[in-house]
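The values are calculated or read from the model by the stated rules, or taken from the named source; none is laboratory data. Since we're looking at a predicted model, the values are computed, not measured. Reconstructed Cβ throughout: ideal geometry from the backbone, glycine too, with neighbour counts over all protein chains shown.
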Amino acid sequence: MKKILITGGAGFIGSHVVRLFVTKYSEYQIYNLDALTYAGNLENLVDIENEPNYTFLKGDITDESFISNLFEKYQFDGVIHLAAESHVDRSIEDPMAFVKTNVIGTVNLLNAARKLWANNAEGKRFYHISTDEVYGSLGAEGLFTETTSYDPNSPYSASKASSDHFVRAYGETYGLPYVLTNCSNNYGPNHFPEKLIPLFINNIITNKALPVYGDGNYTRDWLFVVDHARAIDLVFHEGINHETYNIGGFNEWKNIDLVQLLCSIMDDKLGRVAGESAKLITYVKDRPGHDLRYAIDAGKINKQLGWEPSVTFEQGLEITVNWYLNNTDWLNNVTTGEYATYYKKQYLK
Ligand code: NAD
Ligand code: DAU
């Protein structure tokens, strides 16, 4: 039986990846390693937590000896590495937390994998999950391809760029078998309400201001999280060793247009008069170093591995909004405690 370590599996994207692997591959033993930071939540996995091929391990990837011992004990055949500090605004407040988890944590995992697989790398694979933000910012035209130069602008993207470089360096220097993907903005169920879409859904439900940064004319490419998990499954199994694949939704939206759309969907769902939720839109001080536009050319994964998104944005938003409206306990649980302190500091100062 193959032993696969998924890091950050209690987070937003990680929980969807864990669910897909646990339910699809009964021949794998799936180990979910997560430190359960503010963003990690075992409630995301209640439906699969008792499956025989699933094991949760609480632990911190920045702890070098813990990681080294873990690899020795379990003898993993593959690693899918998602654990990270993931929010740009938090990286502006505390860059070092991002260096620790995203850079040092990744290097700890690379060292442990390199040591374990030193004499037998056959069939082994280290899969590093990264972001399109490493490529920097686009103007009105153009798309990021796999050969676009790195040009990160936020502490978050600088830390992810650094971890990408370490993964490739371990491939070149030590022959570590790896694959790497850079994906655009995900959305969907279980998304922590610090990010644009779940934050605004929660604020519309609770009648709070919708804080649009700057003029709202920033552009992102949005992908439904389950489609990202499907792409991860494909690249883990069929991606070529030492290759990078960009993943995107072919779905660019200006923030303000997306917010208007979300407001109209929510008016409908909540039985409000058309235009009611949009009254909550408030333009606020811009994010420092705000990247203007991200847009992905996902042609390589599409042509070489046959991947494409399975749901439209309309379908994905419908599923997402319904999920938040049907999971108010989840939302209430994650918006108390640390979240309230973060929210106050970020939006009410
Ligand atoms: P998230 O913040 O929702 O989850 C991160 C998870 O990592 C949490 O469960 C957290 O507890 C865990 N974690 C954090 N620090 C840890 C540590 N030191 N040790 C062990 N576990 C730790 O993040 P996400 O949005 O699900 O992103 C997952 C990955 O995908 C990240 O690497 C991120 O850079 C990448 N990514 C995210 C997006 C997106 O739109 N969310 C897009 C592209 C790439
Ligand atoms: O592109 C992939 C990246 O997408 C991932 O690597 C990151 O982990 C993920 O957080 C996301 O980064 P963004 O910064 O693009 O996502 P966020 O949801 O924070 O913001 C989306 C856009 O909305 C961005 O232009 C900033 C804007 N925004 C965000 C928040 C939280 C607002 O206008 N107001 C807000 O309150």
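Observations on the structure shown:
- Some residue of the stretch 252-264 being in contact (Cβ under 8 Å) with a residue 12 or more places away in the chain, away from ligand 1 (no atom under 16 Å from the Cβ), of a type in the set (Lys, Arg) and in a strand (DSSP E or B): yes
- Filtered residues of the stretch 286-326 (kept if of a type in the set (Lys, Arg) and out of contact with any strand residue (DSSP E or B) (no Cβ under 9 Å at 6 or more places or on another chain)): LYS303
- Exactly one residue out of ILE61, ILE48, ILE92 is closer than 23 Å to LEU234 by Cβ, within 21 Å of the chain's Cα centre (by Cα) and aliphatic (A, V, I, L, M), and it is ILE48.
- Against the test of being over 20 Å from CYS183 (Cβ atoms), buried (at least 16 other Cβ atoms within 10 Å of the Cβ) and more than 16 Å from ligand 2 (Cβ to nearest atom), the options ILE265, ILE281, ILE256 yield a single qualifying residue, ILE265.
- Residues of the stretch 183-216 satisfying the condition of being polar (S, T, N, Q) and more than 21 Å from the chain's Cα centre (by Cα): ASN203, THR206, ASN207
- Only one of the numbered conditions (1) assigned to a loop (DSSP other than H, G, I, E, B); (2) crowded, with 16+ Cβ neighbours inside 10 Å is violated by SER26, and that is (2).
- Residues in the stretch 273-311 that are small (Gly, Ala, Ser) and in a loop (DSSP other than H, G, I, E, B): ALA274, GLY275, GLY289, ALA295, ALA298, GLY306, SER310.
- Any hit, the stretch 232-242, residues being of a type in the set (Phe, Trp, Tyr) and part of a strand (DSSP E or B): no
- Qualifying residue in the stretch 111-132 (condition: farther than 21 Å from LEU20 by Cβ and within 11 Å of ligand 1 (Cβ to nearest atom)): yes
- Yes/no for ALA83 being within 16 Å of ligand 2 (Cβ to nearest atom) and among the small types (Gly, Ala, Ser): yes
- From the list ASN202, ASN246, ASN207, ASN217, the one residue that fits, being assigned to a loop (DSSP other than H, G, I, E, B) and under 26 Å from THR312 (Cβ atoms), is ASN217.
- Selection within the stretch 64-73: residues that are surrounded by fewer than 20 Cβ atoms within 10 Å (Cβ to Cβ) and more than 10 Å from LEU33 (Cβ to Cβ). The member of this set that is nearest to ligand 1 (Cβ to nearest atom) is GLU64.
- Candidates TYR218, TYR187: the one that is crowded, with 20+ Cβ neighbours inside 10 Å, within 7 Å of ligand 2 (Cβ to nearest atom) and at pLDDT 95 or above is TYR218.
- Filter result for ASP227 (farther than 26 Å from TRP117 by Cβ and in a loop (DSSP other than H, G, I, E, B)): no
- Screening ILE204 on (1) within 28 Å of SER137 (Cβ to Cβ); (2) buried (at least 22 other Cβ atoms within 10 Å of the Cβ) shows it passes everything except condition (1).
- Members of the stretch 29-55 found to be among the acidic types (Asp, Glu), in a loop (DSSP other than H, G, I, E, B) and within 16 Å of ligand 1 (Cβ to nearest atom), listed by number: GLU49
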